[in-house]
Amino acid sequence: MDRLNQVADEFKLQVIEDAAQAAGASWNDRKAGSIGTINAFSFYPTKNLSAFGEAGAVTTNHPAMAQHVRSLRNHGAKQRYYHEEIGWNSRMDAIQGAVLRVKMNYLPQWNQMRRQNAATYDRLFSTAGLTRVAAESKPPVVLLKTRPEAHHIYHQYVIRVKDREPLRDFLKERGVGTEIYYPVPLHLQQCFAYLGYAPGSLPEAEQAAKEVLALPMFAELEEGEQKHVVESIAQFYS
Ligand SMILES: Cc1ncc(COP(=O)(O)O)c(C=O)c1O
């Protein structure tokens, strides 16, 4: 984010931050959702701070943008029934707000439990010898590294793996659910085809899309369950 903000300053651009998976995370002690000019959160039920249904929020310190977003969420009207532009009905339901208001109090504790679970996975993987760099070949599992400036809240615990599809099937047979975030990088989505990016134009993103695998992660995950996940992965590669 530091580098992106530098580029944005240099070219007089604004950074729109996507903090959908990062409620409670921070970079250099700055909270996710406060680093860009304007920032989006999702409180969809799968998120680490989640409502009972669809919900989200936008944060900004920019007064004009704040006013604009408030108007857009309300059919483009600052004053009721006077529409200055076309907006949406994106007002959060009161019931979602009520749920979030209670759950927000638990977020630091739940994030801490996720961080603990991530440390357990790291330990189990290295004990299982899956991440050791063999002399000739890449290890079957690559754990993601976290920079010291980052306070990671592990909305997902993502690893990079060899032979991902057969591994997923193998894990599914053993009752381990996994997910791929995300199978198609943005520049190859059909809706952005008009931008003209061909496969190969962003090789790192494309390689990541082929290798990433999110393992079960939630606050209440138990060490025994994590052992089952890692042992099953070890069994697949043995
Ligand atoms: C990183 C990221 N950004 C944005 C979104 C979109 O969230 P929503 O569907 O609630 O608008 C998601 C949802 O999965 C996400 O993970």
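What's the Kirkwood radius of the range 135-238 in Å, using all Cα pairs?
15.6 Å
Leaving out ligands, DNA and RNA, and with a 1.4 Å probe, what % of the accessible surface on the chain is carbon or sulfur? Write down the numbers at each step before the final one.
Details: 8470 of 15480 Å².
So the carbon and sulfur contribution to the accessible surface is 55 percent.
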query = Can you pick out the pairs among Lys138/Lys227; Lys31/Lys162; Lys31/Lys172; Lys12/Lys162; Lys103/Lys227 whose Cα atoms lie more than 31 Å from each other?
reply = Lys31/Lys162; Lys31/Lys172; Lys12/Lys162
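Do the sum for the chain: with -39,500 (n - 2.57) for every DSSP H run of n ≥ 4, divided by all residues, what is the mean residue ellipticity at 222 nm, to the nearest 500 deg cm²/dmol? Write down the numbers at each step before the final one.
Numbers: 7 runs with 84 residues, N = 238.
For the chain, the value works out to -11000 deg cm²/dmol.
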Spatial extent of the chain: Rg and Dmax, with the Cα atoms as the point set, Å = 20.7, 69
message = Rolling a 1.4 Å sphere over the protein heavy atoms, what is the accessible area per residue of the range 37-127, to the nearest Å²?
response = 66 Å²
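Determine the per residue accessible area of the range 160-224 with all protein chains present and a 1.4 angstrom probe, expressed in square angstrom. Provide the component values of the computation, followed by the final result.
Working: 4170 Å² over 65 residues.
Accessible area per residue, the range 160-224: 64 Å².
Looking at the chain only, what percent of DSSP beta bridges run antiparallel? Nearest 5 please. Spell out each step's value before the answer.
Numbers: 20 of 23 bridges.
That works out to approximately 85 percent antiparallel.
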ask   = Residue by residue through the range 146-161, which ³J(HN,Hα) values in whole Hz follow from phi under the Karplus form 6.51 cos²θ - 1.76 cosθ + 1.60 (θ = phi - 60°), with glycine and proline marked x?
value = 10, 5, x, 6, 9, 9, 8, 10, 6, 3, 10, 10, 10, 10, 10, 9
key: Label-point gap, in nm, between Ser137 and Glu10 - each point 7 angstrom along Cα→Cβ   = 4.1 nm
request  = Express the Stokes-Einstein translational diffusion coefficient of the range 152-197 in µm² s⁻¹, to the nearest whole number, given a Kirkwood radius over alpha-carbon pairs, 37 °C and a viscosity of 0.692 mPa s.
outcome  = 251 µm²/s
task = Could you work out the relative contact order of the range 1-82, using alpha carbon pairs under 8 angstrom and six or more residues apart, expressed as a whole percent?
result = 20 percent
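Pairs of Cα atoms under 8 Å, at least six residues apart: use those to get the relative contact order of the chain, whole percent. Don't jump to the answer; show the numbers that get you there.
Working: 332 pairs, mean separation 38.1, N = 238.
Relative CO of the chain lands at 16 percent.
The values are calculated or read from the model by the stated rules, or taken from the named source; none is laboratory data. Note that the structure is a prediction, hence the values are computed from the model and not measured. Reconstructed Cβ throughout: ideal geometry from the backbone, glycine too, with neighbour counts over all protein chains shown. For the accessible areas, the whole protein counts, side chains as well, though only heavy atoms, and no ligand, DNA or RNA atoms are used. Shrake-Rupley method; radii C 1.70, N 1.55, O 1.52, S 1.80 Å.
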